[in-house]
Amino acid sequence: TGLRAQNKWGLSGEIDYTYSHEIDIQTSELNNGQISNPWDLKYDKGSGALDRRQMLSINYVYKLPLFAKSTGLIHTIAGGWEVAGTIIDMAGVIAVSSTQNNQPGTTNEWDPVGLNGGYTSRPNISAKMNYPKKNLKTPGSSEWFDTSLFSNAVPEWLGGANQGFGTNGKDAIVGPGRVNFTTSLYKSFAFGERAHFDLKFESFNTFNHTEWSGIGTSYQNSLTAGAFGQVNNTWDPRVLQLGGKFVF
């Protein structure tokens, strides 16, 4: 759904909201045609890698009313400025917890099928996912999701249920969303009838808001590097840009 305004009181812009839910067994070629559980295709059925549930997009251009009725040099310098920008607020995408092929505290890999077929097993999960998001100031400083809900799957030949495949669905974890502002201030200075100078000042991530862009989803890393569940990257910080263009 969307709402558009065209030059109303000097304002033009658009607001768009999208709700979607993408469900699949494999997300196009991202899985390379390999199923995880040969006995149950539903083991891989769930929200796919392209599932971004909600997205709000706003763009605008506003003609500043400052010195709009002035003339001469004052209008040339101080009048005619415009501000424009975009606002994006979107939910995160699915972050699939990667294959867990180890027994706790060991490096001995096992195949849940026992036929060396390259099948994959995710860890067990004990409850619905929750997101503490505490003390998120720098990458690696805290857990994005509750890692205590996960535990090692047990292969069938050691008495494990579900043919040795863990109970964690591929869509149990949703990655960080993003809120981003870009803002531009610009004006065109006329030089006679055939030439003008365009001046633009732009800011990307205007409010320097920290936007997380990745989390550790490899469960076996929790036995070694301790990166499981932690934020490991961010989008760019605020960037300022000043540009000019002379047109003749």
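Here are a few things to note about the model shown:
- Pairwise Cα separations in the stretch 140-241 fall into 5 Å bins from 0 onward with the following percentages, short to long: 2, 10, 13, 12, 11, 10, 8, 7, 5, 5, 4, 4, 3, 2, 1, 1, 0, 0.
- Here's the list of lysines a cross-link from residue 128 could span, going by alpha-carbon distance under 28 Å and ignoring same-chain residues fewer than 8 apart: 42, 45, 137, 170.
- Environment charge at residue 125 (Cβ cut-off 14 Å; Lys +1, Arg +1, Asp -1, Glu -1): +1
- DSSP-assigned coil residues among chymotrypsin sites (Phe, Trp or Tyr not before Pro) in the stretch 1-93, each with at most 15 further Cβ atoms within 10 Å: 9, 39, 67
- Cα-Cα separations in the stretch 1-91 greater than 23 Å, expressed as whole percent: 55 percent
- Only lysines eight or more places from residue 8 in sequence, or on another chain, were considered; those with a Cα closer than 22 Å are 63, 69, 187.
- Residues whose amide H comes within less than 5 Å of that of residue 166, counting only those at least five positions distant or on another chain, are 122 (H built at 1.01 Å from N in the peptide plane).
- The alpha carbon centroids of the stretch 35-88 and the stretch 151-197 are separated by 16 Å.
- Of all aspartates and glutamates in the structure, the ones whose alpha carbon falls short of 12 Å from that of residue 133, not counting any fewer than 8 places away in one chain, are 143, 146.
- Rg over Rh for the stretch 157-214 works out to 1.54, both radii taken from alpha-carbon positions and Rh defined as the Kirkwood radius.
No value in this document is a laboratory result; all are computed from the given coordinates. Since the model is a prediction, treat every value here as computed from it, not as a measurement. Here Cβ is always computed from backbone atoms with ideal geometry, including for glycine, and neighbour counts include all displayed protein chains.
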